[in-house]
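Notes follow once the structure below has been shown.
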Ligand code: FES
């Protein structure tokens, strides 16, 4: 049999170990033979430990573990998506089989852990998940926020004046445990016992206890099982109490075949672990990561609106679930590697989260990363973590409390240790220290009452700001200033493409204005905008002209690109009117740099009021045509665009009447030939009296969602706990795109081309809706 590692360029390994997967022999490379998820390398840093695999041998067989190991983002997402071929049934199976003595101990307690939502196959899984989902929706979770805030504050109160704390022992374990107990409806008593039991459960299921430890672990797990049973019995006496378990008991009355006794007992135990341990570990990982990156820590202390995205980036960079398991139910292939039926898979989501193919600069910790929430720490599809939004809420509240009350906290010297296991990761202790005399609340007790709104659900990039400083202010033309901004920490700005803009917050006015970038995209340390003082302005441009000076600090959002330049076009015609030259100048510069045939047409009232003129002349020479109305020269669009050309794109920015004239002149051109800058749109504004409800089937998640007339598809998806990114929420940016598998779409965005609309394979969920049969199927 050929090597199973076809995608590996390094299959010429001198060591051809032989092993067996599902009874068939496979070749094993030397690195695969060494793979040990219980060793220190994996425990300290799973994505780093399997970097070689991600790069050279993305799917390999581990003889030590007896599992196939999968390491790349797309492969892992595809496995999560297909829970028929890749059954979750082994997700809670003991990764290290226990010996007869430990098994006898477990049996003596009547231990009978059975299927829960985590490891349930279809067709049993989805009806149960649907039936029990409601308490996890963002709407239902809001009621828990005051309790999480109160607990967090009380726990911080206990050590705020000590100057030193182990955050794991003193808050990050117990608060998520208490929240989990509240959420489940379990009384708070026996917390210490539950804590010990839940560690034992982790070791029992995902760890490698030594033979002499196995018996002790088995006793703890047996006790945990019995305690879970007793608590459940107590709940049965009063099932109308609040709590997810009571909710399950009530549902059992109407759906006894879906919510069975065996399920409830297993879920009672697994639920405590799932709801608390993952959040405790994720919070400890997040704090460790942030304190190891003092710039990021300082930024979220100064601007707490960055916290929701910082949480996503922490979950991506160092989440609490490193790997999950699946069982191949038929002969299949992953990344071209044949996988026999019966094979067990370890899917290393921590590795997927560091896959360069999906996350640019994947090892970089970037709290403004736009696609951080694509992380697979919560899994994906029909088995995605139901409690993900409760975890997000807790993490946001912890970070908010710490950044507000202990911004001067730093990591103490320590060696981090982890409970050895394949899946759940978090440091056992996290020692931090600070100078209590510097606690901000001593001087400003009012900070105790500040609140940052929690974002229950996936964050929007819309709210992410960054602080910059004005480095230069130059007169660019009559009534136009050119402003050069630099980042405060000297770090490069994110890459931007021609046509991008930034939102500038206008001091304390509450206004923000969008300005296109007109500098050089290759200068990563500066951003440039040009701002015209609008004659009638009482707002943004008047503020910029009056208040902006060298040294002023500003807050901006972006850069973001809604006005995209198609670099594959053979030819481009750029048309700018007045201050509309700003995005167009960046595009023309790019066309010049990459050798696209182009011409640049620039119109203005007088030369004195035309920004960037000298620079454009120097850069574009003959390709620049200037039209000055005071000199009696106007651009004749009808003549310019007389000859339609399928290989040419026309890009335009300027006054509305210029854009209208261009549209008319382009009427005989292919529909997508003219592209204009849009800053605002009303496309996502719904008028419920004119809209129709529709139904969405989600293929990957196995759900059916009704979208009412007064709700966008994006809002309906989020209400159902489905993560979809968004930015503009106006149909301009393309970030809320979802893949369409079936159904007719009423496209209302300004992103897709006509050809893309006709292909009917994607839609913008913030504004577009179903038409025709009013039923669509999405790959979500
Ligand atoms: Fe920007 Fe939908 S969020 S197009």
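A short reminder: the numbers here are calculations on the coordinates, not readings from a lab. All values reported here derive from a predicted model rather than from experimental measurement. Note that we place each Cβ from the backbone using ideal geometry, even for glycine, and neighbour counts take in every protein chain shown.
Extension gain, residue 431 to residue 34: 0.36 nm times the residue separation minus the Cα-Cα distance gives 139.6 nm. Neighbour counting of Cβ atoms within 10 Å sorts the residues 647, 508, fewest neighbours leading, into 508, 647.
Arrange 113, 126 by Cβ neighbour counts within 10 Å, fewest through most, would you? Please list the in-between numbers first.
Values: 113 22, 126 17.
With the fewest neighbours first, 113, 126 line up as 126, 113.
Seen against the Cα atoms of the chain and their longest principal axis, helix 581-594 is set at about 80 degrees. For the chain, DSSP calls about 70 percent of its internal beta bridges antiparallel.
Computed over the chain, the per-residue total of -39500 (n - 2.57) for DSSP H runs of n ≥ 4 gives a 222 nm mean residue ellipticity of -10000 deg cm²/dmol, rounded to 500.
Arranged by the count of other C-beta atoms within 10 angstrom, fewest first, what order do 624, 346 take? Intermediate values should be presented prior to the final figure.
Numbers: 624 17, 346 23.
Sorted ascending by nearby Cβ count, the order is 624, 346.
Here the simple spin-label model places points 7 Å from the Cα toward Cβ, and for residue 341 and residue 364 these points are separated by 4.7 nm. Against the chain, whose longest principal axis is taken from its Cα atoms, helix 191-206 shows a tilt of about 80°.
Note on residue 691 and residue 447: the extension gain reaches 83.3 nm, defined as 0.36 nm multiplied by sequence separation minus the Cα-Cα distance.
Estimated from the Cβ-Cβ distance and a Förster radius of 35 angstrom, the FRET efficiency linking residue 656 and residue 775 is about 0.35. Which length gain, in nm to one decimal place, applies between residue 761 and residue 414 when the Cα-Cα distance is subtracted from 0.36 nm times their residue separation? Between residue 761 and residue 414, full extension yields 119.7 nm more.
Calculated FRET efficiency, residue 157 and residue 754, Cβ-Cβ r, R0 35 Å, to nearest 0.05?
On the way: r = 60 Å, r/R0 = 1.73.
E between residue 157 and residue 754, to the nearest 0.05, is 0.05.
Under the simplified labelling scheme, the residue 629-residue 169 pair shows an inter-label distance of 7.5 nm, with each label point 7 Å from Cα along Cα→Cβ. Protection proxy ranking of 278-286, 116-124, by the mean of other Cβ atoms within 10 Å over each peptide's residues and highest first, is 278-286, 116-124. Spatially, the range 89-159 and the range 234-270 are offset by 13 Å when compared through their Cα centroids.
When you have a sec, figure out the Kirkwood radius of the chain from all distinct Cα pair distances and drop it here in Å to one decimal?
Details: mean 1/r = 0.0344 Å⁻¹.
Roughly 29.0 Å, rounded to one decimal.
With the simple model of a label 7 Å out from the Cα in the direction of the Cβ, residue 710 to residue 592 spans 5.4 nm. When peptides 760-770, 247-257, 733-743, 381-391 are ranked by their average number of other Cβ atoms within 10 Å per residue, the highest-first order is 760-770, 381-391, 733-743, 247-257. Pairing the Cα long axis of helix 388-405 with the longest principal axis of the chain, what angle in degrees results, from 0 to 90 and rounded to the nearest 10? Once rounded, one gets 70 degrees.
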